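Since every read-out is calculated from the coordinates, none of them should be taken as a lab result. Bear in mind that the values here come from a model prediction, so they are computed numbers and not experimental data. Reconstructed Cβ throughout: ideal geometry from the backbone, glycine too, with neighbour counts over all protein chains shown.
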Amino acid sequence: MSTRAVVLAVGHYTPERVLTNADLEKMVDTSDEWIVQRTGMRERRVCSENETTSTIAIAAAREALERSGLAPEAIDLVVCGTVTGDMWFPSTAAHVQRALGLVNAGAMDVGAACAGFIYSLSVGSAMIEAGHAKRVIVIGADALTKFTDYTDRSTCILFGDGGGALVLEGQENTDRGVLHTVLFCDGNGIPHIDLEVGGSRFPAGSRQAEGRRTKIYMNGNEVYRFAVKAMGDACVRCLEQAGMSADEVDLFVPHQANIRIIESAAKRIGLPDDKVFLNIDKYGNTSGGSIPLGLYEAERTGRLRKGMVVMTVGFGAGLVWGANLIRW
Ligand code: ACO
């Protein structure tokens, strides 16, 4: 039997500070009722000035490593899905490598916005399946609130900070592990979500950056329309390619961007409500952090147990999207 990337343990981190809908009512022209009805969100976590994406990634990876029982020396690779790294370079994964003393590990970030974890899990598991690594820490972590415009009510209500991490190990003769992944991109969606200043087109502080946006821009309606279709399509394609049916999925842990998007994706696949994991009310959209945070909470609350099939799906700026099927 071929090598599978099996999940040994999961960890998480969310900042202490809570930003409620009532807090947002004081900042922009919005209401708790509007936010709950349109998004399902009630509160989210926000990094302090001293907390960064590496704070989240390191804490989540540390918890996952401790729970796996592995020594730091056993890890071959760290893959961190993030678009809000501490700096453009070095990578956030390098911070994790140093903080945890992963002396034998390579480290890299994967940039796929809110699909960051879907993509980083794909990279980490593929490295194991190809024999290039035996044990990998895969992280999804973002601190979008650092780039959120708190005068724009159409985006500032959505985002929160947080993340999670998995420790994967290559095993043979097992039916557990990452079963299948699908990844997609449609670059025609580039204009719909962006953060203009900071890259090489509009370098921070440069003449080209003058008058350009330094905070997240999003055309919510376009993204919404795309997401409803993309989430459902990715799940259907992933199941088809894996030769599985929706009945075989025990738990659905989607990216927590909007409760209405999640509900329509679940309906399209034919999954009953009790198989859909939701924590959007507590955390909002934590970008690449939302799926591993969901996996962590699902396991800790007993909804996700060894041997169960879990399907994850996410989408984000790019536009990119994808899904993973994992036997836990
Ligand atoms: N409070 C009150 N009213 C608001 C708010 C708010 N916070 N935001 C917008 N409105 C108003 C609008 O101005 C509009 O008013 P009008 O009818 O007078 O013009 C009305 O509410 C309806 O606005 P819509 O934008 O049509 O509202 P919609 O139901 O589409 O919800 C939302 C907006 C929640 C942003 C939704 O479009 C959405 O979730 N989109 C997807 C976003 C997403 O998932 N992004 C993830 C990717 S992010 C990444 O990758 C980094």
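Mean residue ellipticity, 222 nm, helices only, the chain: the sum of -39500 (n - 2.57) across DSSP H runs of n ≥ 4, divided by residue count and rounded to 500, is -10000 deg cm²/dmol.
Distance from the Cα centroid of segment 150-218 to that of segment 53-126 is 16 Å (rounded to whole angstrom).
I'd like the antiparallel share, as a percent to the nearest 5, of DSSP beta bridges with both residues in the chain.
Of those bridges, close to 70 percent are antiparallel.
Here's the list of lysines a cross-link from Lys282 could span, going by alpha-carbon distance under 28 Å and ignoring same-chain residues fewer than 8 apart: Lys26, Lys146, Lys215, Lys229, Lys267, Lys306.
Across segment 3-173, the mean sequence separation of Cα contacts (distance under 8 Å, 6 or more residues apart), normalised by length, yields a relative contact order of 34 percent.
Remark: spin-label model distance Glu210-Asp23 equals 3.6 nm, labels positioned 7 Å along the Cα→Cβ axis.
Placing R0 at 25 angstrom, the Cβ-Cβ distance between Asn104 and Ala126 gives a FRET efficiency of 0.80 after rounding to 0.05. Across the options Ala113, Tyr13, Ser68, the greatest Cα extent toward the positive end of the charge dipole of segment 13-152 (unit charges at beta carbon of Lys, Arg, Asp, Glu) belongs to Ser68.
Given an 8 Å cut-off on Cα distances and at least 6 residues of separation, report the relative contact order of the chain as a percent. Please list the in-between numbers first.
Numbers: 842 pairs, mean separation 83.0, N = 328.
About 25 percent, as a whole number.
When GluC sites (Glu not before Pro) are flagged only if DSSP places them in a loop and at most 11 other Cβ atoms lie within 10 Å, the longest unflagged stretch of the chain comes out as 50-171. By the combined test of axial Cα extent (at least 20 Å) and Kyte-Doolittle hydropathy (mean at least -0.5), the qualifying DSSP H helices of the chain come to 53-68, 220-242. A simple charge model with +1 on the Cβ of Lys and Arg, -1 on the Cβ of Asp and Glu and nothing else charged puts the dipole of the chain at about 180 debye relative to its Cα centre. Between Val36 and Arg67, what is the FRET efficiency for a Förster distance of 41 Å, r being their Cβ-Cβ separation, to the nearest 0.05? Efficiency, rounded to the nearest 0.05: 0.75. Pick from Ser125, Ser287, Ser154: which residue has the top mean-square fluctuation in a GNM of the chain where Cα pairs under 10 Å get a spring? Of Ser125, Ser287, Ser154, the most mobile in the Gaussian network model is Ser154.
Ordering Gly163, Phe147, Gln97 by the projection of their Cα atoms onto the charge dipole of the chain, which places +1 on the Cβ of Lys and Arg and -1 on the Cβ of Asp and Glu, puts Gln97 at the extreme positive end. Taking the chain as a Gaussian network, where each spring joins two C-alpha atoms under 10 Å apart, which residue of Gln241, Gln208, Gln97 fluctuates the most? Greatest mean-square fluctuation among the candidates belongs to Gln208. Taking only the Cα atoms of the chain, the radius of gyration and Dmax are 18.6, 58 Å. The chymotrypsin sites (Phe, Trp or Tyr not before Pro) of segment 128-196 that meet both conditions, a loop assignment by DSSP and at most 15 other Cβ atoms within 10 Å of the site Cβ, are Tyr150.
Of all aspartates and glutamates in the structure, the ones whose alpha carbon falls short of 12 Å from that of Lys275, not counting any fewer than 8 places away in one chain, are Asp247, Glu248, Asp250, Glu263.
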